[in-house]
Amino acid sequence: MSIAWPAANAYADAMRLVVNNCVVPGRSGTVSIVCDDGTISEVAPAGAVASIRGDVVIDAEGRFVSPPFVDAHFHLDSVLTRVPNRSGTLREGIDNWAHYKRSKLTVEDVYQRANRYCEHAFARGIQAIRSHVDVCDQRLLGVEALLQIRADWKDRIDIQLVAFPQDGFFDGPETRSLLIRALDMGVDVVGGIPHNERTGALGHRSIVELMEIADERDLLVDMHCDESDDPGSRHVEILTDETYKRNMGERVTASHITSTAMMDRYYLNRKLIPLMARTGIHVIANPLINVHLGGHFHHPAPRAMAPIKELLAAGITVACGQDCNEDPWYPLGDADMFEVAKMGAHVGHMMGLAQLDEMYRTITYYPARIMRLDGYGLDPGARASFVIFDAPTLLDAMRTSAERLVIVRDGTVAIDRRLNSTTDG
Ligand SMILES: [Zn+2]
């Protein structure tokens, strides 16, 4: 199975790309971005760069240019299944997915859905995805399909796969060996789901054993953790302590931790968050999914999302992920990371201008840090991968979920919707 590049790529052979009149994050005025052999070689004030014969030159005309979106929490194996979820709960989603796995899942099915989604995601400005892949399947069909997707898309999207025991690490006697087999096959990251184990004690044990596996293999960790409205779901405390004891800070991520929205504020702010900050553990919130799946059984309904404002203020790296797109948990989704950041801003009370800038970073720079992407950003030396939005500022791009006009990957223009670019000489 192989993937064709987007139609008629007129720029594929160009060595040097100059993009003039760019508005970029963190700098005033417009700049030119010069790319040589797939790397940003220079970022200079407007007018300071002269194009030379053979350059591909793009005039961004004062538009906002950003490094690509990074979606650090997604599920490519269940994407686009469009399985209905009548109750709108996490539980029904897990049950419906288990039924789908047993009755419909094939390698081809996963591959085709994931491939279709990646085409759309790339066109929407996403160039890195951390996808969980369910390993609670004797055949590991999802793993096989997504390893192929990772290989086939490596020139356009950096895909990191997480071995995810969806039904629980202790759900079946073979889950441990299936997870190990998935890692042996090349899955990158160790996952977990302690709140879905039968008891809190088993959840605790699953964290210890999974951290041991990751530590031995020198792998990153990203667990679905405390995705629950139960304030007593405190597995993140155990995950943080294991991270501390093993000195694995910055390699470990707690995804979701929605129970923190229900916790006693004294425990949360005086104990848990300082402990997490000291350890260096990362957090990924999934605003669209968290507010949709959480809070069903409480009145008044809580804002069932991790307190991203407090976490960021404590110096913790926080990303916002999309999690789901037309799958057993969520019928909507459009690979729009601005939509994710905006929901996070609404739910997290992050609507000040500086806070919106932070929210933008939760879908770009911060998840890039969590995924340990090399050469991310727009500084000289970074990979020449970026997106030109049809908007004059970051605020306008976010406000309107602006069109992604030009998409550049490693110095090559992969998509150009402007049709008025020129080649000098
Ligand atoms: Zn998830």
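Looking across the stretch 395-408 at every residue that is under 20 Å from the mean Cα position of the chain (by Cα) and surrounded by 21 or more Cβ atoms within 10 Å (Cβ to Cβ), the one that is nearest to residue 38 (Cα to Cα) is identified as 408.
Among the conditions (1) in the same structural domain as residue 248 (by TED's automatic domain parsing); (2) farther than 30 Å from residue 113 by Cβ, residue 381 misses just one, which is (1).
Inside the stretch 257-295, residues that are outside any helix (DSSP H, G or I) and either surrounded by 17 or more Cβ atoms within 10 Å (Cβ to Cβ) or in contact with an Asp or Glu (Cβ under 8 Å, 6 or more places away or on another chain) (or both) make up a count of 11. All of 112, 148, 127 fail the test of being out of contact with any His (no Cβ under 7 Å at 6 or more places or on another chain) and surrounded by fewer than 17 Cβ atoms within 10 Å (Cβ to Cβ), apart from 112.
Which of the residues spanning the stretch 205-227 are assigned to a loop (DSSP other than H, G, I, E, B), within 26 Å of residue 294 (Cα to Cα) and without any contact (Cβ under 8 Å) to a residue 60 or more places away in the chain?
Within the stretch 205-227, the subset assigned to a loop (DSSP other than H, G, I, E, B) is 218-219, 226-227.
Restricting the remaining residues to those that are within 26 Å of residue 294 (Cα to Cα) gives 226-227.
Selection gives 226 alone.
Going by the structure shown, is residue 269 in the same structural domain as residue 318 (by TED's automatic domain parsing), under 25 Å from residue 242 (Cβ atoms) and within 16 Å of the ligand (Cβ to nearest atom)? Answer is no for this residue. Restricted to the stretch 325-344, and to residues that are hydrophobic (A, V, I, L, M, F, W, C) and not in a loop (DSSP other than H, G, I, E, B), which residue is nearest to the ligand (Cβ to nearest atom)? Ranking the candidates gives 340 first.
Can you confirm whether residue 96 is assigned by TED's automatic domain parsing to the domain that holds residue 116 and buried (at least 19 other Cβ atoms within 10 Å of the Cβ)?
yes
The values are calculated or read from the model by the stated rules, or taken from the named source; none is laboratory data. All values reported here derive from a predicted model rather than from experimental measurement. Note: ideal-geometry Cβ built from the backbone for every residue, glycine included; neighbour counts use all protein chains shown.
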